[in-house]
Amino acid sequence: MSNMQDIITRGDKVLLKTYNRFPVVFEKGDGVYLEDSDGKRYLDFAAGIAVFALGYNNKAYNDALKDQIDRILHTSNLYYNRPSVEAAEKIIRTSGMSRVFFTNSGTEAIEGALKVARKYAWMKDPTVDYEFISMNHSFHGRSQGSLSVTGNAHYQDGFVPVQMRAVFADFNDLSDVRAKITDRTCGIICEVVQGEGGIHPAEREFLQGLREICDEKDILLIFDEVQCGMGRCGALYAHDLYGVKPDVMALAKALGCGVPVGAFVTNEKASHALVPGDHGTTYGGNPFVTAAVSKVFDIYESEGIVEHVHEVGAYLYDQLELLKNNYSQIIDHRGLGLMQGIELDTPAAPFISKALENGLVIISAGTNIIRFVPPLVITKEDVDQMILILDKTLKENGLH
Ligand SMILES: *Cc1c(COP(=O)(O)O)cnc(C)c1O
């Protein structure tokens with residue numbers, strides 16, 4: 001039995017079956033390439049689901065983590081720690097927002113954001129049974145609160161009633177949102193670019209309209225930038241592209257580029273909602289993960305990552321447009337920066353598996369969409385290489 005098959009067989013016996021995993025074990029990575037336990041190399045256009053922005057085995061990043069390991073990994077939020085202060089300063093400086101709470105994941109960042117909005121409303125009137133407006137086809141995470149505002153039956157089935165009240169409006173449909181606002185609404189939450197829902201960017205008028213509604217009603221606007229943030233869309237925060245500011249922003253995925261860390265970030269108004277005792281976490285923002293976050297910001301700046309995304313994202317866009325023109329079964333192509341997708345008129349799963357066989361890591365979004373969320377350091381040559389393998393893969397599976 002190969003190394004890889006041995007691990008797969010053992011894993012299937014002991015890991016809870018919440019995933020239909022692809023039969024591959026990645027052993028190491030370098031730049032935009034991964035290597036499996038049998039020594040086969042893969043071009044990576046998934047980045048661990050939009051996480052590993054800097055590519056694998058980045059020396060400056062690795063050294064910063066090794067250095068932090070030798071100092072201290074964990075203390076507690078009962079005390080201050082230097083890396084978390086430095087990381088928070090960098091988020092504040094780049095976002096123009098006011099305060100940061102570090103979490104261990106994206107879903108916890110959303111949980112915190114929801115608590116901020118509820119508490120903000122509760123302080124004005126504690127007698128109301130508050131609810132959120134969220135978007136159809138949204139994805140905000142798997143914990144109970146995040147699941148409550150995730151507008152996709154696929155994730156909620158088997159877990160209803162979910163914990164928090166939410167009503168769902170159509171993304172990019174302002175009149176639908178307006179129709180669903182009531183005196184119970186305490187916040188509106190949306191992704192700036194829907195990820196799991198199929199790579200749907202928000203329209204400018206929509207985000208501007210949400211901002212106006214929230215200002216009129218004095219309720220909080222939450223942007224989930226867990227996937228679309230951290231430079232992926234060609235601006236450090238996707239909402240920067242729209243000139244619309246949230247009251248609370250959730251970050252994770254590329255924030256730590258591989259260590260488990262997220263954050264919710266509040267503006268001045270929202271910063272007063274949570275007071276000592278209202279929220280906490282044992283691990284969240286510990287010195288190890290925030291040393292990573294801090295280094296990520298430094299590398300983004302020194303390497304000009306955001307400008308690079310702008311340039312190579314446009315190139316990817318052009319190449320996928322050309323590809324689309326060659327296949328009648330590719331019915332749409334959308335996205336911003338290095339967060340793009342092509343929509344097929346057939347399920348994407350067989351193509352994803354075949355691509356893996358051909359040495360290309362891509363993932364789906366929704367059922368029919370192939371999603372491209374590569375490390376942000378990919379070059380135009382990597383894009384060309386990806387298109388070659390993808391084209392071959394689509395042809396082999398009979399797409400025309
Ligand atoms: C991945 C994701 C989450 C959840 O993040 P986890 O770290 O998996 O909990 C939330 N929102 C969006 C938009 C995401 O893409």
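The values are calculated or read from the model by the stated rules, or taken from the named source; none is laboratory data. Note that the structure is predicted; figures quoted are calculated from it, not measured. Reconstructed Cβ throughout: ideal geometry from the backbone, glycine too, with neighbour counts over all protein chains shown. The accessibility values were calculated without ligands, DNA or RNA, using every heavy atom of the protein model including side chains. Shrake-Rupley method; radii C 1.70, N 1.55, O 1.52, S 1.80 Å.
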Regarding segment 293-314, can at least one residue be identified that is in contact with a Leu (Cβ under 7 Å, 6 or more places away or on another chain) and in a loop (DSSP other than H, G, I, E, B)?
no
Report yes if some residue within segment 298-309 is surrounded by 24 or more Cβ atoms within 10 Å (Cβ to Cβ) and over 21 Å from the mean Cα position of the chain (by Cα); otherwise report no.
no
If we ask which residues in segment 333-356 are open to solvent by 30 Å² or more (accessible area, probe 1.4 Å) and either touching a residue at least 24 places away in the same chain (Cβ under 8 Å) or in a strand (DSSP E or B) (or both), their number turns out to be 7
For the subset of segment 124-143 comprising residues that are away from the ligand (no atom under 16 Å from the Cβ) and more than 19 Å from ILE213 (Cβ to Cβ), which member is surrounded by the fewest Cβ atoms within 10 Å (Cβ to Cβ)?
THR127
Residues of segment 258-285 being within 21 Å of the chain's Cα centre (by Cα), buried (at least 21 other Cβ atoms within 10 Å of the Cβ) and either outside any strand (DSSP E or B) or within 16 Å of the ligand (Cβ to nearest atom) (or both), in sequence order, are GLY258, VAL261, GLY262, ALA263, PHE264, VAL265, GLY284, GLY285
Counting only residues that are within 16 Å of the ligand (Cβ to nearest atom) and open to solvent by less than 80 Å² (accessible area, probe 1.4 Å), which one in segment 9-50 is nearest to GLN385 (Cα to Cα)?
ALA46
Sole residue being modelled with pLDDT of 95 or more and within 16 Å of the ligand (Cβ to nearest atom), chosen from TYR300, TYR237
TYR237
Can you say whether GLY231 is of a type in the set (Gly, Ala, Ser), over 23 Å from the mean Cα position of the chain (by Cα), part of a loop (DSSP other than H, G, I, E, B) and more than 13 Å from the ligand (Cβ to nearest atom), as far as the supplied structure shows?
no
For the condition of a type in the set (D, E, K, R) and either under 18 Å from LEU34 (Cα atoms) or touching a Leu at 6+ places or on another chain (Cβ under 7 Å) (or both), what is the one hit in GLU381, GLU343?
GLU381
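This table checks each residue for (1) open to solvent by 10 Å² or more (accessible area, probe 1.4 Å); (2) aromatic (Phe, Trp, Tyr); (3) closer than 15 Å to GLY337 by Cβ; (4) not in a loop (DSSP other than H, G, I, E, B).
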site	(1), (2), (3), (4)
VAL160	yes, no, no, no
THR182	yes, no, no, no
ILE189	no, no, no, yes
GLY198	no, no, no, no
LEU207	no, no, no, yes
ASP215	yes, no, no, yes
ASP240	yes, no, yes, yes
The lone condition LYS115 fails out of (1) out of contact with any helix residue (DSSP H, G or I) (no Cβ under 7 Å at 6 or more places or on another chain); (2) under 30 Å from ARG165 (Cβ atoms); (3) open to solvent by less than 30 Å² (accessible area, probe 1.4 Å); (4) within 16 Å of the ligand (Cβ to nearest atom) is (3)
